[in-house]
Amino acid sequence: MDSIDPDVLYLSTEQQGQPQCELPHTALEVPALGGAKKMNGTLDHPDQPDIDAIKMFVGQIPRSWTEKELRELFEPYGAVYEINVLRDRSQNPPQSKGCCFVTYYTRKAALEAQNALHNMKILPGMHHPIQMKPADSEKNNAVEDRKLFIGMISKKCNENDIRLMFSPYGQIEECRILRGPDGLSRGCAFVTYTARQMAQSAIKAMHQSQTMEGCSSPIVVKFADTQKDKEQKRIAQQLQQQMQQINAASMWGNLTGLNSLGPQYLALLQQSASSGNLNALGNLHPMTGNLLFTLTK
C-alpha cells in the first residue's frame with residue numbers, strides 16, 4: 001500500500017487560495033454535521049459499526065460535493081455508517097474544506113476502499129489523487145501493536161494452517177509466512193490481528209505451547225520487532241563487529257593508541273558490545289570515545 005504524501009494530503013483542493021483542509025488532532029474536534037446521515041436499520045448491519053471498524057480521513061475531494069456524491073464514491077466497497085464533511089466555519093454558510101471522515105460498518109470495507117482509492121483515483125476538477133488514511137484517532141491501533149512474530153513453526157505449514165491455529169484468538173488481518181528465494185518456508189511467520197487484545201490472547205495461549213514437526217524448540221509467539229527495535233539491534237551488531245576488530249588488532253599490536261587505554265576502559269567496551277548496552281559507552285573516558293568514533297566513521 002502506498003504511503004500518504006503529506007504535501008499532497010493537505011493541498012488546497014482547487015489551488016485557488018481557499019482555506020486548506022487540515023486534519024484535526026482527534027476526531028473529537030470534528031462536530032457531526034446536522035446533514036450527516038447514518039445508514040442504520042439495514043438488514044445487513046446493526047446500529048453501530050464493528051468494534052474494530054476504522055474511521056478514515058479522506059482528502060482531495062471536490063468542495064462542491066455533497067454527502068450524496070461521497071456515498072456514491074464510498075459505498076461500492078461496503079456499507080457506510082457515517083460521513084462527516086469538514087467545513088470552514090468562518091464562512092457563512094460553512095463551506096466544505098475538500099475533505100471528510102468516513103466510517104464503514106466493517107474494518108474490511110475501509111481497508112478495501114483505501115486500497116482502491118488512495119493515490120489511485122483523481123476526482124473531477126481535482127489536480128491530485130484521493131488521499132485516504134486512518135484518522136489520527138485511530139493511531140492507538142497501530143499495526144506494530146497488533147503484529148506477532150511466530151517462530152519455530154513446521155516448514156510444512158502454509159498460510160491457511162497458521163490462520164487455523166491463530167484464528168481462535170481473534171480476527172486476523174494478515175498472515176504471512178517468511179520464505180526464502182526458493183519459495184520454501186523459513187519456519188516462521190507474521191500474524192496481524194485487528195486489535196491488540198487479540199494478539200495478547202494469542203501470545204498467552206500459544207507461546208511455547210507445543211513443539212511442531214521438524215522443530216527443535218517449542219513454538220515462539222511474541223510481538224514483532226518495531227522499526228526502533230530493528231535499528232537498536234543493527235547498532236548493537238555494528239558495535240560488536242567493531243569490538244571484534246579491536247580485539248583482533250590488539251593481539252597484533254597494530255591498533256595505534258590502544259595500549260594507552262586502561263584495562264577498565266577496555267573491559268567496559270567489551271561488556272557494552274556483548275550486551276548491546278549502548279548507554280554504557282557514555283561512561284567512557286573521552287579518549288576512548290574518540291577512538292570508538294574514529295572506528296565508526
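Of the residues screened, ASN115 is one that is within 18 Å of ARG71 (Cα to Cα), outside any loop (DSSP other than H, G, I, E, B) and among the polar types (S, T, N, Q). Could you look through region 241-253, keep only residues that are loosely packed, with under 14 Cβ neighbours inside 10 Å and part of a helix (DSSP H, G or I), and pick out the one that is nearest to the chain's Cα centre (by Cα)? Restricting to residues being loosely packed, with under 14 Cβ neighbours inside 10 Å and part of a helix (DSSP H, G or I), the top hit is GLN241. Here LEU123 clears all of (1) surrounded by 15 or more Cβ atoms within 10 Å (Cβ to Cβ); (2) of a type outside the set (Phe, Trp, Tyr); (3) at pLDDT below 95; (4) under 30 Å from GLN60 (Cα atoms) except the condition numbered (3). Can you tell me how many residues within region 169-187 are in contact (Cβ under 8 Å) with a residue 12 or more places away in the chain and either within 21 Å of THR106 (Cβ to Cβ) or charged (D, E, K, R) (or both)? Total satisfying the criteria: 9. Being polar (S, T, N, Q) and in contact (Cβ under 8 Å) with a residue 60 or more places away in the chain is a property that SER96 lacks. For region 188-201, taking the residues that are out of contact with any Leu (no Cβ under 6 Å at 6 or more places or on another chain) and open to solvent by less than 10 Å² (accessible area, probe 1.4 Å), the one that is farthest from LYS108 (Cα to Cα) is identified as ALA189.
When residues in region 70-93 are screened for being in contact with a Leu (Cβ under 9 Å, 6 or more places away or on another chain), without any contact (Cβ under 8 Å) to a residue 60 or more places away in the chain and under 30 Å from THR194 (Cβ atoms), 7 of them pass. Whether any residue in region 204-215 is surrounded by fewer than 15 Cβ atoms within 10 Å (Cβ to Cβ), touching a residue at least 60 places away in the same chain (Cβ under 8 Å) and not hydroxyl-bearing (Ser, Thr, Tyr) is what I want to check. Within region 204-215 (the criterion being surrounded by fewer than 15 Cβ atoms within 10 Å (Cβ to Cβ), touching a residue at least 60 places away in the same chain (Cβ under 8 Å) and not hydroxyl-bearing (Ser, Thr, Tyr)), the answer is yes, since at least one residue qualifies. The set of residues in region 61-78 being in contact with a strand residue (DSSP E or B) (Cβ under 9 Å, 6 or more places away or on another chain) and over 20 Å from GLU112 (Cβ atoms) consists of PRO62, ARG63, SER64, TRP65, THR66, GLU67. Between a first residue in region 142-156 that is of a type in the set (Phe, Trp, Tyr) and a second residue that is open to solvent by less than 70 Å² (accessible area, probe 1.4 Å) and at pLDDT below 90, which pairs have beta carbons less than 8 Å apart while being 6 or more apart in sequence or on different chains? Listed by first residue and then by second, the contacts come to PHE149/ASP225.
The values are calculated or read from the model by the stated rules, or taken from the named source; none is laboratory data. It should be emphasised that the depicted structure is a prediction, and the values quoted were computed from it without experimental measurement. Don't worry about glycine lacking a Cβ; one is built from the backbone with ideal geometry, like all the others, and counts go over all protein chains shown. Surface areas here come from the heavy atoms of the whole protein model, side chains and all, with no ligands, DNA or RNA. Shrake-Rupley method; radii C 1.70, N 1.55, O 1.52, S 1.80 Å.
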